[in-house]
1. Kindly establish whether Glu302 is surrounded by fewer than 16 Cβ atoms within 10 Å (Cβ to Cβ) and under 22 Å from Gly390 (Cα atoms).
2. Can you name the residue in segment 106-132 that is within 15 Å of Gly9 (Cβ to Cβ) and among the β-branched types (Val, Ile, Thr) and, of all such residues, is surrounded by the fewest Cβ atoms within 10 Å (Cβ to Cβ)?
3. Residues of segment 266-287 being surrounded by fewer than 19 Cβ atoms within 10 Å (Cβ to Cβ) and in contact with a helix residue (DSSP H, G or I) (Cβ under 6 Å, 6 or more places away or on another chain), which ones?
4. I need the helices (runs of 4 or more DSSP H) fully contained in segment 1-118, keeping only those with at least 2 residues that are under 23 Å from Val132 (Cα atoms) and within 15 Å of the ligand (Cβ to nearest atom).
5. Just to be sure, is Thr146 more than 27 Å from Leu263 (Cβ to Cβ) and either more than 11 Å from the ligand (Cβ to nearest atom) or free of Cβ contacts under 8 Å to residues at least 12 places away in the same chain (or both)?
6. Assuming Phe125 fulfils every condition listed in (1) in contact with a helix residue (DSSP H, G or I) (Cβ under 7 Å, 6 or more places away or on another chain); (2) away from the ligand (no atom under 16 Å from the Cβ); (3) in a loop (DSSP other than H, G, I, E, B) apart from one, which condition is it?
7. Anything in segment 309-355 that is under 27 Å from Tyr210 (Cβ atoms), buried (at least 22 other Cβ atoms within 10 Å of the Cβ), touching an Asp or Glu at 6+ places or on another chain (Cβ under 8 Å) and hydrophobic (A, V, I, L, M, F, W, C)? List them, or say none.
8. Please go through segment 376-388 and pick out each residue that is aliphatic (A, V, I, L, M) and assigned to a loop (DSSP other than H, G, I, E, B).
Amino acid sequence: MEYDVCVIGGLGRAGLPLSVVFAERGHRVLIYDKNEKAAEVVRAGQMPFMEDDGEEYLKRALQADRLHVTSNVADIARAEILTVVIGTPVDDHLNPKLELIMAFLEEITPHVRDGQIILMRSTVFPGTTQLVKEFFERQGRKVKVTFCPERIAEGKAFHELFSLPQIISGFDEDSIDRMRVLFAPLGCEVVRLDPMEAELGKLFTNVWRYCQFAISNQFYMIANAYNLDFYKIYEGITHNYPRISGMARPGFAAGPCLFKDTLQLAAFNNNVFGLGYAAMTTNEGLPNHVVDRLKLRMNLKEKNIGILGMAFKGNSDDRRGSLSYKLRRILKWEAREVLCTDVYVHEDDFLPLEEVLRRSEVLILATPHKEYRDLQLDGKLLVDVWNFYGKGGLIGV
Ligand SMILES: NC(=O)c1ccc[n+]([C@@H]2O[C@H](COP(=O)([O-])OP(=O)(O)OC[C@H]3O[C@@H](n4cnc5c(N)ncnc54)[C@H](O)[C@@H]3O)[C@@H](O)[C@H]2O)c1
């Protein structure tokens, strides 16, 4: 066939780095994605979002003429392996939108050819890979279905795709062998699981991380309530004490994956997931806690509050799921004015950093972008949940 692999959803945050490294390491890659604006940007050799070293890798892949982009679904017929990395959101009832996967399958079916492998790469509700297999069997199509979850962290994709072990799963030895061949040029270790194990394992990975953030955020809030600086305690208890050395640091734990995947796991376990729900309310409650602490200290109705950073994590331009927006919403009720700024996320009502610094009486570091390292605060109160400035995180009253 003309292409070794077609990455469907290949212009997204997970799909594009994968497409680029496949091409850079020798595969002939076709990206199929509906986002025509991003397609133009990528064809011109630019990344549509921030990703360390992304542009260099992308340019190399394009120069080698091994990476092409299409927005015509019929083109998926031209590749041996169809890698699916479309978004997998939850619905208004906090359940995975399975109908989205079903609609997607209906959409691609006329263009799927016998002999192709459908590689599911999105983070899916456990059982989805089996469901996709059965869908094509019902259609009388002779395709194989595998699941190899994406496990990169945004921003580190072009390092982690070569270093993280790759989990592969499938229903027969032939498709497993083909997954080994596909991922071999990345030079990473390969770990084999069954599809359901791999689906569940991917959710466990994200939810474990989310719960780690939650326990640290809970500790942070407890320390604050007693007017103690969590970070002083943290430094003390982690010093030369290996059993706790992996303890997460507090912060606004958010983004497009961790919360959503905790909901997917809860839905999978028939909503019996007390620990997961506790993690969600704890992490989502941190902005409320910050505002409550400030209210104990001052009359917010008389204050302008500046929010530094609207992306969901530092040095990123991804605003999806960011708790900065929740913080802004709460403060709009409570404060005289809320002034927002970000280095990489741009919206009409965001202000330049200098203006936010000048006009705010209180500043909240919501996203620790490196550009905020050397701010001139002129003695203004700065809330630093992250301890970015090394002066502790206490919001004292
Ligand atoms: N972002 C990450 O770092 C990351 C890491 C690991 C796993 N994941 C998982 O990967 C999946 C994708 O996440 P993302 O962050 O890349 O999302 P994204 O929204 O950035 O990318 C999805 C892409 O799919 C395209 N798309 C959607 N529906 C399509 C369709 N029917 N046909 C063709 N193209 C379509 C969109 O245009 C978009 O470019 C999710 O399941 C997510 O949980 C993401």
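1. On the way: surrounded by fewer than 16 Cβ atoms within 10 Å (Cβ to Cβ): yes; under 22 Å from Gly390 (Cα atoms): no.
No: the conditions fail for Glu302.
2. Per the criteria, the residue is Ile108.
3. Answer for segment 266-287, where residues must be surrounded by fewer than 19 Cβ atoms within 10 Å (Cβ to Cβ) and in contact with a helix residue (DSSP H, G or I) (Cβ under 6 Å, 6 or more places away or on another chain): just Phe273.
4. 15-24, 98-108
5. Values: more than 27 Å from Leu263 (Cβ to Cβ): no; either more than 11 Å from the ligand (Cβ to nearest atom) or free of Cβ contacts under 8 Å to residues at least 12 places away in the same chain (or both): yes.
Taking the combined requirement at face value, the residue does not satisfy it.
6. For Phe125, the exception is condition (2).
7. Met310, Ala311, Phe312, Leu323, Cys340
8. Of segment 376-388, the ones aliphatic (A, V, I, L, M) are 377, 381-383, 385.
Correct list: Leu377, Val385.
The values are calculated or read from the model by the stated rules, or taken from the named source; none is laboratory data. Predicted model, so just to flag it, every value in this text is computed and none were measured. All Cβ positions, glycine included, derive from the backbone under ideal geometry; neighbour counts span all protein chains shown. Ligands, DNA and RNA are stripped out before the accessible areas are found, and what is left, the full protein with its side chains, is counted by its heavy atoms. Shrake-Rupley method; radii C 1.70, N 1.55, O 1.52, S 1.80 Å.
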